[in-house]
Amino acid sequence: MTTPEKYPRSSIEDDFNYGTNVATASVQIRMDFLRKVYTILSLQIILTTATSALFMFCDTIKDFVHSSPAVVLMSAIGSLVLIIALAFYRHQHPINLYLLAAFTLLESVSVATAVTFYEYSIVLQAFFLTAAVFLGLTAYTFQSKRDFSKLGAGLFSGLWILIIAGFMKVSFVLFTVSVYCSNLFSFK
């Protein structure tokens with residue numbers, strides 16, 4: 001008669017308890033992981049965009065946040081508390097998702113409050129620049145076999161910021177752009 005395993009494994013997710021990581025997993029597991037990550041990121045971006053649009057276009061909310069600095073203060077303190085809670089509950093599903101949703105909501109309130117102080121055209125430029133960098137980094141990640149956590153990621157981001165800002169004709173002093181370009185391309 002066989003003896004039961006000392007540590008029975010109920011699913012593939014248990015493999016990650018034994019030192020395995022996503023990078024060494026099968027293609028199917030890596031794609032599932034990317035799908036989950038991009039779903040969460042997309043939901044966070046959608047929530048932040050919707051909250052920002054609501055704050056910008058609803059004059060009642062805009063006037064309230066302009067006259068109540070406590071909104072930003074409470075959002076910032078709440079975000080810090082939730083970051084600490086997320087560190088403690090990072091492996092406890094679904095609590096970690098609830099905490100992440102609350103953190104995203106508080107951060108979207110902070111971003112939404114900040115964008116109410118700017119003109120619509122400036123906010124749209126920042127939105128499209130951010131979206132272009134996000135898509136560019138995604139394309140780079142899918143095409144590259146390199147470790148994306150190194151310096152190359154920052155250089156690639158800086159390059160995309162320069163390219164998109166150039167297309168958007170962002171008004172910088174020529175000297176500032178020159179210094180930024182020389183610093184960006186002097187690192188290897």
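Looking at Phe64, Phe55, Phe33, which is the one that is aromatic (Phe, Trp, Tyr), assigned to a helix (DSSP H, G or I) and over 25 Å from Leu124 (Cα atoms)?
Phe33
Considering only the stretch 86-110, how many residues are surrounded by fewer than 17 Cβ atoms within 10 Å (Cβ to Cβ) and either of a type in the set (A, V, I, L, M, F, W, C) or within 14 Å of Ile40 (Cβ to Cβ) (or both)?
Going through the stretch 86-110 one residue at a time, the tally reaches 12.
Within the stretch 96-110, is there a residue that is free of Cβ contacts under 8 Å to residues at least 40 places away in the same chain, touching a Phe, Trp or Tyr at 6+ places or on another chain (Cβ under 7 Å) and either assigned by TED's automatic domain parsing to the domain that holds Thr24 or more than 18 Å from Thr51 (Cβ to Cβ) (or both)?
There is at least one residue in the stretch 96-110 that is free of Cβ contacts under 8 Å to residues at least 40 places away in the same chain, touching a Phe, Trp or Tyr at 6+ places or on another chain (Cβ under 7 Å) and either assigned by TED's automatic domain parsing to the domain that holds Thr24 or more than 18 Å from Thr51 (Cβ to Cβ) (or both).
Please determine whether any residue of the stretch 70-83 is within 26 Å of Leu34 (Cβ to Cβ), surrounded by fewer than 16 Cβ atoms within 10 Å (Cβ to Cβ), of a type in the set (A, V, I, L, M, F, W, C) and in the same structural domain as Phe33 (by TED's automatic domain parsing).
yes
Give the number of residues within the stretch 76-117 that are modelled with pLDDT under 90 and under 27 Å from Trp160 (Cβ atoms).
Residues meeting the conditions: 0.
Test Lys6 against the criterion of being outside any helix (DSSP H, G or I), of a type outside the set (Gly, Ala, Ser) and either over 30 Å from Gln143 (Cβ atoms) or modelled with pLDDT under 90 (or both), and give yes or no. Talk me through it step by step, then tell me what you get.
Numbers: outside any helix (DSSP H, G or I): yes; of a type outside the set (Gly, Ala, Ser): yes; either over 30 Å from Gln143 (Cβ atoms) or modelled with pLDDT under 90 (or both): yes.
Considered against the rule, which asks whether it is outside any helix (DSSP H, G or I), of a type outside the set (Gly, Ala, Ser) and either over 30 Å from Gln143 (Cβ atoms) or modelled with pLDDT under 90 (or both), Lys6 comes out as yes.
The values are calculated or read from the model by the stated rules, or taken from the named source; none is laboratory data. All figures in this text were calculated on a predicted structure; none of them were measured in a lab. Every residue, glycine among them, receives a Cβ derived from its backbone with ideal geometry; neighbour counts consider all protein chains shown.
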